[in-house]
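One structure below.
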Amino acid sequence: MINIIISINSISSGMKLNQDVKSKLGGIIFKKGTVLQSIDKEVLEAFGVKEIEIEETINTKEQKVEIEKERLKSQSEKKGDFKELFNQALKVVEKIFKLAQGNAQIPILDLRKVLQPLLDEKYAQFKYLSSLNYISEDYIKYDSHHALSVGIISSAIAKWRGLEQGERMQIALAGVLHDIGMSRIPVDIIHNKGPLTYNEYAEIKKHTLYGYQILKDTKGLKEGSVLAVLQHHERGDGSGYPLGLKNDQIHQYAKIVAVADIFHAMISKRSHRAEYSPYQAIEQIIVDSFGKLDPVIVRMFTNKMTEFANGTKVVLNNGQEGTIVFIDQKHPTRPLIKVGQSILNLINENELYIKKVL
């Protein structure tokens, strides 16, 4: 293997960087070891990079064969697997919500069994987590769909936080069960499409207390999971409910579920509003992190949810379709997007934003 310096005009797919490529301000554009794609040339041109250092090996032909094998392997994955697993788990979640209405015992073991395959590490990435709102088109079942989605997202956040597998499962269970107290709220209030009265909203807010009461003696749930159900609407500045807790008074599990809850609720279509794009939701979560949500969890969630997005096709608010080609981690929701033959930098295009992810 030898290292050579080439002009970016000579870039071709499959070349591997031997050094970090940095912008003029010192930010890393591509890390050492990155295997370049043809579209990356335009990203480098946009940053004014003239040349790069790559690895050249005597096994170029063999490497190309391996790259092609990986591509074919990726294409051969069954796209329906995740959706099938989700809908199987959804049936169990719906059953649990009905049991909660009748004060029956919650079958945690059954829930664990259908959750486990959905918590596989391969699903803890943008393309799965950002599309949870599209898996089920039956918006009548929003409550159970939202519950399962929050569980999956919460588990991903726990993984990114470096928590061990047992804790990730407990956080996933807390996410699925976070709104189980809604089973005690009168149906006419839950399905009221108009504005809630003061008393109706006060009753809705009691769902966290009801959820705690339902789950506090449930076998298979740890204290942190039950506290997450009680505290997922608490906020760091004390503005949340039901107890007005602040910062360290709020359990870490509850802080994780809070972010997952807000994200999925925002990207979901509701009867009273259209869905937000994942990027709009993340931007709002960033705003809410100041004083309300845990800033460490928000920063980590933002970074992880955007680092997987290169190559994602999106629609801008002006109707243009494009492809994300580079993400600056200082501005993760304002990436470089290739539209036609042009590269748009959303950091400089303040009037534009990503409206929809395709």
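The values are calculated or read from the model by the stated rules, or taken from the named source; none is laboratory data. Owing to the predicted nature of the structure, the values given are computational and were not obtained by experimental measurement. Cβ coordinates were reconstructed from backbone atoms using ideal geometry, including for glycine residues, and neighbour counts include every protein chain displayed. These area figures cover heavy atoms from the full protein model, side chains too; ligands, DNA and RNA do not enter into them. Shrake-Rupley method; radii C 1.70, N 1.55, O 1.52, S 1.80 Å.
Helix 295-307 and the longest principal axis of the C-alpha atoms of the chain enclose an angle of approximately 50°. The angle between the Cα long axis of helix 81-101 and the longest principal axis of the Cα atoms of the chain comes to about 20 degrees, rounded to the nearest 10. Only helical runs count toward this figure. For the chain, summing -39,500 (n - 2.57) over DSSP H runs of n ≥ 4 and dividing by all residues gives -13500 deg cm²/dmol at 222 nm.
Please give the length that would be gained between Lys113 and Gln165 if that part of the chain were fully extended, namely 0.36 nm times their separation in residues minus their C-alpha to C-alpha distance (nm, one decimal).
Stretched fully, the Lys113-Gln165 segment lengthens by 17.3 nm.
Among the trypsin sites (Lys or Arg not before Pro) in the stretch 145-215, those placed in a DSSP loop whose Cβ has at most 11 other Cβ atoms within 10 Å are Lys193.
Keeping the other protein chains in place, figure out the carbon and sulfur percent of the accessible area of the chain, with a 1.4 Å probe.
Working: 9390 of 19040 Å².
Carbon-and-sulfur percentage of accessible area, whole number: 49.
Heavy-atom accessible surface of the chain, averaged per residue, reaches 53 Å², computed with a 1.4 Å probe. The alpha carbon centroids of the stretch 222-289 and the stretch 9-26 are separated by 39 Å. A simple spin-label model places pseudo-atoms 7 Å from Cα toward Cβ; at Asn350 and Ile190 they are separated by 4.5 nm.
Applying 1/(1 + (r/R0)^6) with R0 = 45 Å to the Cβ-Cβ distance of Lys24 and Lys269 gives a FRET efficiency near 0.60.
About its Cα centre, the dipole of the stretch 303-358 is roughly 140 debye, where the only charges are +1 on Lys and Arg Cβ and -1 on Asp and Glu Cβ. When the trypsin sites (Lys or Arg not before Pro) in the stretch 291-358 are filtered for DSSP coil states and for at most 12 other beta-carbon atoms within 10 Å of their beta-carbon, the remaining sites are Lys330. For the stretch 138-287, place one equal point scatterer on every Cα, skip the solvent, and apply the Debye formula. What is log10 of I(q)/I(0) at q = 0.14, 0.16, 0.19 Å⁻¹? With no solvent term, the Cα-only Debye profile gives -0.68, -0.91, -1.29.
When the charge dipole of the chain is built from unit charges on Cβ atoms (+1 for Lys and Arg, -1 for Asp and Glu) and taken about the Cα centre, the candidate among Val357, Tyr128, Leu85 whose Cα reaches farthest toward its positive end is Leu85. Cα axis of helix 252-267 to longest principal axis of the chain: angle in degrees, 0 to 90, nearest 10? That works out to roughly 80 degrees.
Quick one: dipole size for the chain, taken about the Cα centre, charges +1 on Lys/Arg Cβ and -1 on Asp/Glu Cβ, in debye to the nearest 20. Don't jump to the answer; show the numbers that get you there.
Numbers: 48 positive and 43 negative charges, 77 e Å.
Charge dipole of the chain: 360 debye, to the nearest 20.
Using the Cβ-Cβ distance between Lys216 and Asn247 with R0 = 30 Å, the FRET efficiency computed as 1/(1 + (r/R0)^6) comes to roughly 0.80.
Dipole magnitude for the stretch 125-244: computed about the Cα centre from +1 point charges on Lys and Arg Cβ and -1 point charges on Asp and Glu Cβ, it is near 260 debye.
Longer than 30 Å from Cα to Cα, which of Lys216/Lys269; Lys216/Lys355; Lys193/Lys292; Lys95/Lys193 are they? Say none if no pair is.
Working: Lys216/Lys269 32 Å; Lys216/Lys355 41 Å; Lys193/Lys292 28 Å; Lys95/Lys193 25 Å.
Lys216/Lys269; Lys216/Lys355, as the Cα separations exceed 30 Å there.
Computed from backbone phi with θ = phi - 60° and the Karplus coefficients 6.51, -1.76 and 1.60, the 3J(HN,Hα) list for the stretch 230-236 is 6, 10, 5, 9, 6, 10, x Hz; x is used for glycine and proline. Per-residue extension of 0.36 nm, minus the Cα-Cα distance of Met300 and Leu209, leaves a gain of 29.8 nm for this segment. Extents of the chain, largest first, come to 69, 42, 38 Å (Cα atoms, principal axes, whole angstrom).
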